[in-house]
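First comes the structure, then the notes that go with it.
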Amino acid sequence: MTRPVKTNTGSEVPAGTGTVFESLKARIEKRSARIAVIGLGYVGLPLGVEFARSGFRVTGIDTEREKIERVNRGDSYIRDVSSEELKREVRAGRLEATDDFSKLFEMDCVSICVPTPLRKTRDPDVSSIISATKEIAKYLHSGELVVLESTTYPGTTDELILPMLEETGLKVGIDFFLGFSPERVDPGNKRFMTRNIPKVVGGVTAKCIEVAVALYKCSMSSVVPVSSTKVAEMVKLLENTFRSVNIGLVNEIALMCDKMKIDVWEVIEAAASKPFGFMPFYPGPGLGGHCIPIDPFYLSWKAKLSGFEARFIELAGQVNSSMPYHVVKKVGEALNSVCKSINGSRVLLLGVAYKADVDDARESPALDIYQMLTALGAEASYCDPYIPEIRTDNLRIKAKPLTPDLLEKADCVVITTAHSIFDYKLIASKAKLIFDSRNVFKGIRSDKIWRL
Ligand SMILES: NC(=O)c1ccc[n+]([C@@H]2O[C@H](COP(=O)([O-])OP(=O)(O)OC[C@H]3O[C@@H](n4cnc5c(N)ncnc54)[C@H](O)[C@@H]3O)[C@@H](O)[C@H]2O)c1
């Protein structure tokens, strides 16, 4: 028995009527529905594996040949998906990858997991969503469910995707079903993964919500239906804006504490002892990754179109993006204390991934720090076992192995990412001067260790 669901317009509609709808729901519940996942990156590959694990036949579609070949070989390129589990699904015939969009014609459900970056002007770049939707529209057929999972501004599903799909002559809620379900995965998190993070699901009509809920219930531990796609889109942006603003606040407190000569880390630790009304966030060298530095600007862009200025988002963005400059300034002060300048010094960055224990350097503040130090004349280098190479402008820089000799030769070692694989005892004993932007040397008092 399914309860009535509220539609985008607020009216209550009894769910569960119509043969197209019923037969799609039945195929989903029997796991005989075929699922396509478009975009096999950090989000799409784990999602495809989850659907396959729960018994569906899944086809991953990507434009990158190398990813397709690796999936089909069962060779994972995403740290959160092991090659063993990928191989198991591929060998069982439940998962395959292709760049052939005509396969969409055979699919019952399609999940869109393509990137949503920002343009240089900080406007949303939804070109991958548009090109994926064009392909879906080409092969759209009666009895199909389409769900957007990419993070994007509220209104994308209703205002951008829906008209493109209805141009085919098929009608949403009757012939096909359309929803939005934000992906909330946190790469590197061992406790919460795709399958056990509650799945928020919104749809264009009540039937869209119901059929999308039916799909995710098969693979996710819990599903949270919401009344519309806009609410579902906004949920994700609230979550990421919450993080960006709180990190911005704590970064500002860190800059304040630096001026006032107060240890910000000790302040946060003591404040976190309050059992209610406080949640610790930590300062750092700046925001990174494909979500927190980007998503809030999708929201502020859309809010601006409605005549609303999102002040917190802009302010947090300013504070957070000033952090790499602050780190470079402090590295300069640390070197100055031993009568050296940035110009001509060997500066070794430890970690260029945007956060600890992940292999993703997108938007990483360490890249800005590297470039700024180099521009100031430093001889910069980096160690990161997860990022063998970084590219800045026209340069390709290779990671160095972390050795006692490398540490001894550096004039300053900067902890930019707190990878747990680093040997911090070795670092503390061999480095002449350390700037610790992550508080990995918590509790260790030494003149050679400078903290953010
Ligand atoms: N990475 C995260 O931690 C995370 C977490 C939650 C949500 N998200 C959101 O999920 C979405 C995907 O992010 P991601 O990190 O997986 O990106 P990604 O870059 O790792 O993967 C995207 C994949 O899509 C492919 N692709 C691009 N355009 C395509 C097209 N037109 N057709 C088919 N394939 C195409 C790319 O080749 C790539 O393999 C983004 O909107 C992101 O904001 C990401």
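Of note:
- Distance between the range 265-296 and the range 429-450 - C-alpha centres, whole angstrom: 21 Å
- Dividing the convex hull volume of the alpha-carbon atoms in the range 24-134 by its residue count gives 109 Å³ per residue.
- Rolling a 1.4 angstrom probe over the chain with all protein chains present gives an accessible area of which 55% lies on carbon and sulfur atoms.
- Listed values for the range 213-224 are Karplus-derived 3J(HN,Hα) couplings in whole Hz (6.51 cos²θ - 1.76 cosθ + 1.60, θ = phi - 60°), namely 4, 4, 5, 5, 4, 5, 10, 10, 5, 8, 10, 10, and x replaces Gly and Pro.
- Coil-residue trypsin sites (Lys or Arg not before Pro) of the range 224-327, DSSP, other Cβ within 10 Å capped at 13: 261
- In Å², nearest 10: area of residue 405 left accessible to a 1.4 Å probe: 80 Å²
- Across the range 235-248, coupling constants 3J(HN,Hα) worked out from phi with the 6.51/-1.76/1.60 Karplus curve, θ = phi - 60°, read 4, 4, 6, 5, 4, 6, 5, 4, 5, 4, 5, 5, 5, x Hz, and Gly and Pro carry x.
- Cα convex hull of the range 225-315 - mean projected area over all directions, nm²: 7.9 nm²
- Scanning the chain for GluC sites (Glu not before Pro) lying in DSSP loops with no more than 12 further Cβ atoms inside 10 Å, the longest uninterrupted stretch between such sites is 1-166.
- Couplings 3J(HN,Hα) for the range 300-306, derived from phi with the Karplus relation 6.51 cos²θ - 1.76 cosθ + 1.60 (θ = phi - 60°), are 5, 4, 5, 4, 4, 5, 9 Hz, where x marks Gly and Pro.
- Accessible area expressed per residue, the range 318-359, with surrounding protein chains retained (probe 1.4 Å, Å²): 40 Å²
- Structural descriptor for the range 352-426: relative contact order 33 percent, calculated from alpha carbon pairs under 8 angstrom and at least 6 residues apart.
- The orientation-averaged projection of the convex hull spanning the C-alpha atoms of the range 247-380 amounts to 10.4 square nanometres.
- For the range 338-418, taking Cα atoms only, Rg and Dmax work out to 12.0, 36 Å respectively.
- Residue range of the chain that is longest and free of chymotrypsin sites (Phe, Trp or Tyr not before Pro) which are both DSSP loop and sparsely packed (at most 15 other C-beta within 10 Å): 1-191
- If the segment from residue 242 to residue 32 were pulled out straight at 0.36 nm per residue, it would be longer than the present Cα-Cα gap by 71.7 nm.
- Computed over the Cα atoms of the range 161-255, pair by distinct pair, the Kirkwood hydrodynamic radius stands at 15.0 angstrom.
- Eigen-decomposition of the gyration tensor built on the alpha-carbon atoms of the range 266-305 gives equivalent ellipsoid semi-axes of 30, 14, 7 angstrom, largest listed first.
- Using 0.36 nm per residue and subtracting the Cα-Cα separation, the extra length available between residue 192 and residue 405 on full extension is 72.8 nm.
- Separation in nanometres of the label points that stand 7 Å from Cα toward Cβ, at residue 432 and residue 271: 3.7 nm
- Rounded if a/c under 1.5, otherwise prolate or oblate - the range 309-452, Cα gyration tensor axes: rounded
- Residue 127 exposes around 60 Å² of accessible area when a 1.4 Å probe is run over every protein chain in place.
- Residue order for 164, 193 - accessible surface, 1.4 angstrom probe, largest first: 193, 164
- Of all DSSP beta bridges in the chain, antiparallel share, percent nearest 5: 20 percent
- For the chain, average projected area of the Cα convex hull in nm²: 23.4 nm²
- A 1.4 Å probe run over the range 81-147, with the rest of the protein chains in place, finds 45 Å² accessible per residue.
- Sorted into 10 angstrom bins from 0, the C-alpha pair distances of the range 325-365 split as 27, 40, 28, 6 percent.
- Sum of -39500 (n - 2.57) over DSSP H runs of 4+, divided by residues of the chain (222 nm, nearest 500): -12000 deg cm²/dmol
- Three semi-axes of the equivalent ellipsoid, the range 110-229, Cα gyration tensor, whole Å, largest first: 23, 20, 11
- Local electrostatic count, residue 419, Cβ distance below 15 Å [Lys/Arg +1, Asp/Glu -1]: 0
The values are calculated or read from the model by the stated rules, or taken from the named source; none is laboratory data. Note that this is a predicted model, so its numbers are computed, not measured. Virtual Cβ from ideal backbone geometry, glycine too; neighbours counted across all protein chains shown. Calculation scope for accessible area: heavy atoms of the full protein, side chains included, ligands and nucleic acids excluded. Shrake-Rupley method; radii C 1.70, N 1.55, O 1.52, S 1.80 Å.
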